[in-house]
Amino acid sequence: MFPAEFINGLRESLGPLRAERILSALSQEPEVSVRVNPFKFTLGDLRAHFGALAGEAVPWAPEEGFYLNGRPSFTLDPLFHCGAYYVQEASSMYAGSLFEQALQHIGRRTGLRVLDLCAAPGGKTTQLLSHLDETSLLVANEVVPARATVLAENVARWGCSNVAVTQSDPSAFPAMRAYFDVVVADAPCSGEGMFRKDERAVAEWSPDTVRLCAARQRRILGDVWPALMPGGFLIYSTCTFNRSEDEDNVDWICSELKGSCLEMRHFYPGEDRGEGFFAALIRKEGRR
Ligand code: SAM
């Protein structure tokens with residue numbers, strides 16, 4: 001069912017036991033989880049709304065996300081349409097925790113400039129907005145036009161006015177030299193962590209795809225780096241497992257672009273309740 005090179009790579013990097021656990025989890029049903037919009041609803045009210053379906057809190061985002069014990073028809077729910085919550089895969093909510101860490105290092109959460117570079121459909125964008133107040137600006141960018149439209153719709157539903165949706169290639173951002181306090185690059189990747197949710201990711205996967213994705217990620221990161229202020233923070237994430245797109249790219253950022261990695265973490269189905277995800281918090285060299 002999965003490509004042999006993918007299975008072998010997982011066994012080599014994680015050992016046979018962990019690889020088998022992850023592969024077996026990839027054949028099971030994915031978890032369903034939601035994240036509250038704090039500007040519209042309380043977590044308690046959202047849990048009450050879902051009633052018996054409301055399950056455990058997402059461990060790395062307990063104040064905003066929880067699992068559902070089943071998949072309701074979200075499109076029939078008026079609260080979904082009015083942006084009271086976002087249906088977001090649990091592992092990726094970890095980006096919010098890294099963002100909080102960045103804000104702690106910066107020492108304030110007001111008057112900040114934040115860029116979400118690869119933003120559609122808006123999971124990270126809406127989560128970042130939940131952690132900022134109206135004195136901060138979030139630029140939510142998506143290069144693919146049709147996806148930028150979906151992003152704009154989800155941002156409108158969230159209901160914040162301190163966000164601008166743009167549709168630019170990453171190479172446009174160096175013009176905003178040293179402008180952003182925090183940049184989030186949730187990069188397009190080979191999608192190994194989404195294999196149980198997205199059959200297309202399995203069909204399109206190959207060692208060549210991994211190589212192409214890793215090279216594209218470096219291009220994107222190199223393009224956007226000048227727009228991050230010295231001493232600013234980059235959150236780099238993918239939804240894939242392999243080293244080339246994850247740890248090797250973090251090493252490359254630190255050595256070539258000049259930064260230091262403060263934290264990085266992998267999430268694996270079968271070990272964490274969610275899909276595969278990788279995220280790192282990197283501080284750019286220099287003083288703010
Ligand atoms: N951050 C989003 C969220 O949380 O909902 C998910 C982003 S998805 C992993 C990666 C995004 O990068 C996609 O929307 C894709 O269209 C966009 N993308 C594709 N090619 C790109 C490129 N060359 N430069 C920048 N973004 C690209």
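What the table shows:
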read-out: Condition broken by LYS40, with the remaining ones in (1) of a type outside the set (Asp, Glu); (2) in contact (Cβ under 8 Å) with a residue 60 or more places away in the chain; (3) in contact with a Ser or Thr (Cβ under 9 Å, 6 or more places away or on another chain) satisfied; value: (3)
read-out: Residue ID - nearest to the ligand (Cβ to nearest atom), chosen from residues in the range 177-195 that are out of contact with any strand residue (DSSP E or B) (no Cβ under 8 Å at 6 or more places or on another chain) and over 18 Å from ALA215 (Cα atoms); value: MET194
read-out: Odd one out for VAL155, checked against (1) part of a loop (DSSP other than H, G, I, E, B); (2) among the β-branched types (Val, Ile, Thr); (3) crowded, with 20+ Cβ neighbours inside 10 Å; value: (1)
read-out: Filter result (touching a residue at least 60 places away in the same chain (Cβ under 8 Å) and β-branched (Val, Ile, Thr)) within the range 233-288; value: ILE235
read-out: Residue match in the range 5-14 (condition: more than 16 Å from the ligand (Cβ to nearest atom), basic (Lys, Arg), part of a loop (DSSP other than H, G, I, E, B) and more than 17 Å from LYS197 (Cβ to Cβ)); value: no
read-out: Any hit, the range 106-119, residues being among the charged types (D, E, K, R), crowded, with 24+ Cβ neighbours inside 10 Å and touching a residue at least 40 places away in the same chain (Cβ under 8 Å); value: yes
read-out: Members of the range 20-61 that are modelled with pLDDT under 95 and in contact with a Pro (Cβ under 7 Å, 6 or more places away or on another chain); value: LEU26
read-out: Answer residue from the range 82-136, given it is among the acidic types (Asp, Glu) and either under 22 Å from GLY231 (Cα atoms) or within 13 Å of the ligand (Cβ to nearest atom) (or both) and is modelled with the lowest pLDDT among those; value: ASP133
read-out: Criterion violated by PHE66 - all others in (1) under 22 Å from the mean Cα position of the chain (by Cα); (2) away from the ligand (no atom under 13 Å from the Cβ); (3) outside any strand (DSSP E or B); (4) in contact (Cβ under 8 Å) with a residue 12 or more places away in the chain satisfied; value: (3)
read-out: Residue satisfying all of: in the range 139-150; in contact with a Ser or Thr (Cβ under 7 Å, 6 or more places away or on another chain) and hydrophobic (A, V, I, L, M, F, W, C); farthest from the ligand (Cβ to nearest atom) among these; value: VAL139
read-out: Selection count, the range 204-241, where residues are touching a strand residue (DSSP E or B) at 6+ places or on another chain (Cβ under 9 Å) and away from the ligand (no atom under 15 Å from the Cβ); value: 6
read-out: Segments classed as helices (runs of 4 or more DSSP H), wholly inside the range 193-288, with at least 1 members that are among the polar types (S, T, N, Q) and buried (at least 21 other Cβ atoms within 10 Å of the Cβ); value: 207-224, 247-252
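Each row is one residue, and each column tells you yes or no for (1) in contact with a strand residue (DSSP E or B) (Cβ under 6 Å, 6 or more places away or on another chain); (2) of a type in the set (Phe, Trp, Tyr); (3) surrounded by fewer than 23 Cβ atoms within 10 Å (Cβ to Cβ).
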position	(1), (2), (3)
LEU53	yes, no, yes
ALA57	yes, no, yes
PRO62	no, no, yes
LEU68	yes, no, yes
PRO72	no, no, yes
PRO78	no, no, yes
CYS82	no, no, yes
GLN88	yes, no, no
MET93	yes, no, no
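The values are calculated or read from the model by the stated rules, or taken from the named source; none is laboratory data. Small disclaimer: the values here were computed from a predicted structure and weren't measured. Reconstructed Cβ throughout: ideal geometry from the backbone, glycine too, with neighbour counts over all protein chains shown.
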